[in-house]
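One structure is given here, and the rest of the page talks about it.
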Amino acid sequence: MKMVFRWFGDDNDTVTLQQIKQIPGVEGIAWALHDEIAGDEWPMDKILDVKKKADQAGLHIHVVESVNIHEDIKLGLPTRDKYIENYKKTIAKLAQVGVKVICYNFMPIFDWLRTDLYREASDGSTALFYEKNRINNLDPFELVDQINANSDFTMPGWEPERLQHLTSLFNAYRGVTSEDLWDHAKYFLDEIIPFAAEHDIKMAIHPDDPPWPIFGLPRIITSQEHIRRFLDLHDSPYNGLTLCSGSLGANPDNDVIAMVHEFAERIPFAHIRNVRVFENGDFIETSHRTQDGTVNITGIVQAYHENDFTGYCRPDHGRHIWDEQCRPGYGLYDRALGIMYLWGLWDAYQQASSYQGKKV
């Protein structure tokens, strides 16, 4: 298991590379050019600037999260070929600087959804929160205004350039079914996966967050069955999965441990985080500790260990603790605590394996 830490850039993150380097076991960053519009080819000078800064901090840039997919590709419009060519050009550039994995998603319009960015817990910490009934009766434009009110940081998947066209996007998706989205995903994979393989970069699809349809928009990466179908669309080790325990774990019917065992060889990147799901379908993001949520983090890490996982891993969304002022879900303190919890589990399984081997 190779540990990385998501970083949004010098002027877009309260966490510094020097702080990341001090977290035990962290080797690199999961990064992106967050000021680039989805569909545009990434400029080489900006890529090299990130590499230079990471190199100076002693961190690698093997994982990119994310190279966003233009909506025309998801919609299957004739213009998609232009944006797919730009995607290929970006892949070729990323290969030149040593990138090994690209995390991305295929969610229409919204990359993720929460109703509260700072819901207070009983201990005084705050965290991202999803209120199911509110979403069922909420105007998406109201939610956009709420997210954009957090103007200090760009919110991945909620870029103003994209959301200013919200009305036209909803109109474009009217009548688009989940089967249409599957067809459009296959078209994208058939173009991208052979090209990514030539450049030795693994594409790793991120599950839908949350893992069910919202605002009438189709979603296709929501369950073990759907992930199996997606990986079968292009049977290649370069068509992989970013297995996010928090996204999938928001639906208690999802067995994340079983997914680790089934898809282990197709997981180049893992997000490990916890959520607490309530009986009414609401959920809040918690510490990474198993007992604090609904997701069996202990069992998930054990499953990775049993499958000799050598891919990249990071803690995902953390709480906001100790009065830290930070991007929602992406502070330093709780994610650093999460890393140490994950390492504690991993080291314990390593030690147990070593002990069992000696007894034999």
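Here, each number is a calculation from the coordinates, and none is a lab measurement. Since the model is a prediction, treat every value here as computed from it, not as a measurement. All Cβ positions, glycine included, derive from the backbone under ideal geometry; neighbour counts span all protein chains shown.
Can you put Trp7, Trp182, Trp322, Trp112 in order of Cβ neighbours within 10 angstrom, beginning with the fewest? Spell out each step's value before the answer.
Values: Trp7 26, Trp182 17, Trp322 11, Trp112 20.
Least to most surrounded, the residues fall as Trp322, Trp182, Trp112, Trp7.
Give me the dipole magnitude in Debye, nearest 20, for the chain about the Cα centre, with unit charges on the beta carbon: positive for Lys and Arg, negative for Asp and Glu. Before the final figure, lay out each step's value.
Details: 35 positive and 54 negative charges, 181 e Å.
It works out to roughly 880 debye.
Please compare each pair in Lys88/Lys132; Lys46/Lys82; Lys51/Lys88 to a cut-off of 31 Å on the Cα-Cα distance and tell me which ones are over it. Walk me through the numbers before you get to the answer.
Values: Lys88/Lys132 38 Å; Lys46/Lys82 22 Å; Lys51/Lys88 20 Å.
Flagged as over cut-off: Lys88/Lys132.
For the chain, what does the helix formula give at 222 nm: sum of -39500 (n - 2.57) over DSSP H segments with n ≥ 4, over the residue count, nearest 500 deg cm²/dmol? Provide the component values of the computation, followed by the final result.
Values: 14 runs with 148 residues, N = 360.
About -12500 deg cm²/dmol.
What number do you get for the stretch 1-117 when its Cα radius of gyration is normalised by 2.2 N^0.38 Å, N = residues? Intermediate values should be presented prior to the final figure.
Details: Rg = 15.2 Å, N = 117, 2.2 N^0.38 = 13.4 Å.
Against the compact-globule rule of thumb, the ratio is 1.13.
Take Arg319, Arg276, Arg80, Arg289 and order them by how many other Cβ atoms sit within 10 Å, fewest up front. Intermediate results must be reported in sequence, preceding the final value.
On the way: Arg319 27, Arg276 19, Arg80 22, Arg289 13.
So the residues, fewest neighbours to most, are Arg289, Arg276, Arg80, Arg319.
Please report Ser247, Ser178, Ser223 as a ranked list, fewest other C-beta atoms within 10 angstrom at the top and most at the bottom. Present the calculation step by step, with values, prior to reporting the outcome.
Working: Ser247 26, Ser178 14, Ser223 19.
With the fewest neighbours first, Ser247, Ser178, Ser223 line up as Ser178, Ser223, Ser247.
With springs only between Cα atoms under 10 Å apart, run a GNM on the chain and tell me which of Glu85, Glu198, Glu306 wobbles the most.
Fluctuation is largest for Glu198.
If you restrict to DSSP beta bridges whose two residues both lie in the chain, what percentage is antiparallel, to the nearest 5?
Values: 10 of 36 bridges.
That works out to approximately 30 percent antiparallel.
If I stretch the segment between Ala348 and Thr294 completely, what's the gain in nm (0.36 nm per residue apart, minus their alpha carbon distance), one decimal? Each step should come with its number before you reach the end.
Working: separation 54, 0.36 × 54 = 19.44 nm, distance 2.16 nm.
This chain segment gains 17.3 nm when fully extended.
Return the loop-located GluC sites (Glu not before Pro) in the stretch 203-290 (DSSP other than H, G, I, E, B) with at most 13 other Cβ atoms within 10 Å of their own Cβ; answer none if there are none.
Hits after loop and neighbour filter: Glu279.
Amide H neighbours of His60 under 5 Å, at least 5 residues apart or on other chains, H built in the peptide plane: list them.
Here the answer is Gly28, Ile29, since their amide H atoms fall under 5 Å of that of His60.
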